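The values are calculated or read from the model by the stated rules, or taken from the named source; none is laboratory data. If you're wondering where the values come from, they're calculated on a predicted model, not measured in any experiment. Here the Cβ is made from the backbone with ideal geometry for all residues, glycine too, and neighbour counts use every protein chain on show. Heavy atoms of the whole protein, side chains included, go into the accessibility calculation; ligands, DNA and RNA do not. Shrake-Rupley method; radii C 1.70, N 1.55, O 1.52, S 1.80 Å.
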Amino acid sequence: MTRGLVTVFGGSGFIGRYVVRKLARDGWQVRVAVRRPDQALFLKPAGQVGQVTPVAANVRNDASVKAAVQGADRVVNLVGILFPAGPQRFDAVHVESAERVAAAATAAGVKALVHFSAIGADHNADANYARTKGEGEYAVRRGFPNATIFRPSIVFGPEDGFFNRFAAMALVSPALPLIGGGTTRFQPVYVVDVAEAVVRALEDPACAGKTFELGGPRIYSFRELMVLLLSEIGRKRLLVSLPFPLATLQGALLQAIPFIHPPLTVDQVRLLKRDNVVGPQALGFKELGITPTAVEPILPTYLDRYLPEGYYSRVA
């Protein structure tokens with residue numbers, strides 16, 4: 001017997017795969033709603049036969065979203081983008097699609113909705129990412145007033161796009177850039193803790209209608225994170241300060257090149273002008289009964305692949 005059905009939009013992504021696995025372990029039936037269900041088949045072994053089911057769903061399509069939430073007891077929306085590409089625009093994904101999922105969940109009689117936003121979400125923000133995340137929160141509240149909203153800082157773990165990205169850069173570059181001097185502060189949060197928070201919010205009615213900011217136990221400057229990273233991968237690299245005006249120019253040039261994943265955009269530079277840490281009055285892990293995991297014991301478990309060949313024999 002399962003505890004009910006949870007539809008997870010974006011369940012094959014970095015955070016989503018951990019949410020799906022945690023839900024399956026806790027006895028939930030999980031419907032993984034993604035654009036390419038064939039790319040979510042790796043999640044089926046997370047549960048017993050038939051417990052995890054990938055289905056085709058596009059959050060920009062009303063009928064697709066309605067079908068994905070039909071019969072679900074609970075819904076999680078993890079869909080988001082870091083930069084626009086084609087029809088995947090910030091407004092379309094963070095605002096319109098968020099409201100679409102919320103409205104469909106209400107119409108389907110869903111008992112709980114968890115929506116993912118981000119620290120710094122603000123409808124008045126200069127950065128389009130943060131602005132649309134803020135507008136998306138309002139849209140979700142309109143469609144599903146009792147939704148639980150999560151705002152994480154940067155999320156780390158084996159498949160993350162932060163530490164892995166800069167570790168890979170350190171393999172080929174003699175220097176790493178410190179945009180704005182590297183003074184922007186972050187509060188990295190472990191993906192396993194984030195997944196635990198999602199499941200608790202789905203199961204605890206006291207979380208309904210609340211917003212939680214999720215950050216790890218320690219705050220670091222960007223420079224400190226790069227120093228920690230280089231230490232973990234056994235590399236010595238220059239840390240070069242890149243003033244915001246110069247970084248903005250570089251972002252404009254890079255985003256104009258037809259990269260699939262531009263390494264830097266103007267909007268990302270704008271985001272780096274604000275700290276990415278939990279607010280002093282915000283609800284967080286403490287209220288969810290979770291003790292967050294530190295970065296230091298986790299990084300070696302997945303960054304060791306970036307170590308120089310024969311590293312351990314040299315330091316023994």
Every residue in segment 4-24 that is touching a helix residue (DSSP H, G or I) at 6+ places or on another chain (Cβ under 8 Å), over 16 Å from Val101 (Cβ atoms) and of a type outside the set (A, V, I, L, M), please.
Ser12, Phe14, Arg17, Tyr18, Arg21, Lys22
Is there a residue being open to solvent by 20 Å² or more (accessible area, probe 1.4 Å) and touching a Ser or Thr at 6+ places or on another chain (Cβ under 9 Å) anywhere in segment 147-154?
yes
How many of the residues in segment 106-116 are touching a residue at least 40 places away in the same chain (Cβ under 8 Å) and under 30 Å from Asn276 (Cα atoms)?
3
Counting only residues that are open to solvent by less than 70 Å² (accessible area, probe 1.4 Å) and assigned to a loop (DSSP other than H, G, I, E, B), which one in segment 77-91 is farthest from Ser12 (Cα to Cα)?
Gly86
Answer residue from segment 102-113, given it is more than 12 Å from Ile149 (Cα to Cα) and of a type outside the set (Val, Ile, Thr) and is surrounded by the fewest Cβ atoms within 10 Å (Cβ to Cβ) among those:
Gly109
Is it fair to say Phe285 is at pLDDT 95 or above and either exposed (fewer than 14 other Cβ atoms within 10 Å of the Cβ) or not hydroxyl-bearing (Ser, Thr, Tyr) (or both)?
yes
Taking Ala67 and the conditions (1) within 27 Å of His261 (Cβ to Cβ); (2) part of a helix (DSSP H, G or I), which numbered condition does it fall short on, given that it satisfies the others?
(1)
Here is a check on your reading of the model: is Arg74 under 21 Å from the mean Cα position of the chain (by Cα), over 25 Å from Ala127 (Cα atoms) and either of a type in the set (Ser, Thr, Tyr) or open to solvent by 20 Å² or more (accessible area, probe 1.4 Å) (or both)?
yes
Of the conditions (1) more than 26 Å from Phe222 (Cβ to Cβ); (2) open to solvent by 50 Å² or more (accessible area, probe 1.4 Å); (3) not in a helix (DSSP H, G or I), Glu99 satisfies every one except a single condition; which number is it?
(3)
Checklist (1) open to solvent by 90 Å² or more (accessible area, probe 1.4 Å); (2) at pLDDT below 95 applied to Arg274, failing item
(2)
Out of (1) surrounded by fewer than 24 Cβ atoms within 10 Å (Cβ to Cβ); (2) touching a Pro at 6+ places or on another chain (Cβ under 8 Å), the one Phe116 does not meet is (1)
Check Pro262, Pro258, Pro292 and return the single one that is part of a loop (DSSP other than H, G, I, E, B), open to solvent by less than 50 Å² (accessible area, probe 1.4 Å) and at pLDDT below 95.
Pro262
From the list Leu307, Leu238, exactly one residue is touching a residue at least 40 places away in the same chain (Cβ under 8 Å), farther than 25 Å from Leu78 by Cβ and open to solvent by 70 Å² or more (accessible area, probe 1.4 Å). Which is it?
Leu238
Among the residues of segment 32-47, are any open to solvent by 20 Å² or more (accessible area, probe 1.4 Å) and in contact (Cβ under 8 Å) with a residue 40 or more places away in the chain?
no
Say whether the condition of being of a type in the set (A, V, I, L, M, F, W, C), touching a residue at least 12 places away in the same chain (Cβ under 8 Å), out of contact with any strand residue (DSSP E or B) (no Cβ under 8 Å at 6 or more places or on another chain) and in a loop (DSSP other than H, G, I, E, B) is met by at least one residue in segment 269-289.
no
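Quick grid of which residues meet (1) over 24 Å from Arg235 (Cα atoms); (2) buried (at least 19 other Cβ atoms within 10 Å of the Cβ); (3) touching an Asp or Glu at 6+ places or on another chain (Cβ under 8 Å):
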| residue | (1), (2), (3) |
| --- | --- |
| Thr183 | no, no, no |
| Gln187 | no, yes, no |
| Cys207 | yes, yes, no |
| Pro217 | yes, no, no |
For segment 200-248, which positions are part of a loop (DSSP other than H, G, I, E, B) and within 24 Å of the chain's Cα centre (by Cα)?
Asp204, Ala208, Gly209, Lys210, Gly215, Gly216, Pro217, Arg218, Ile219, Ile233
Scanning segment 10-31 residue by residue, the ones that are touching a residue at least 24 places away in the same chain (Cβ under 8 Å) and in a helix (DSSP H, G or I) total 11
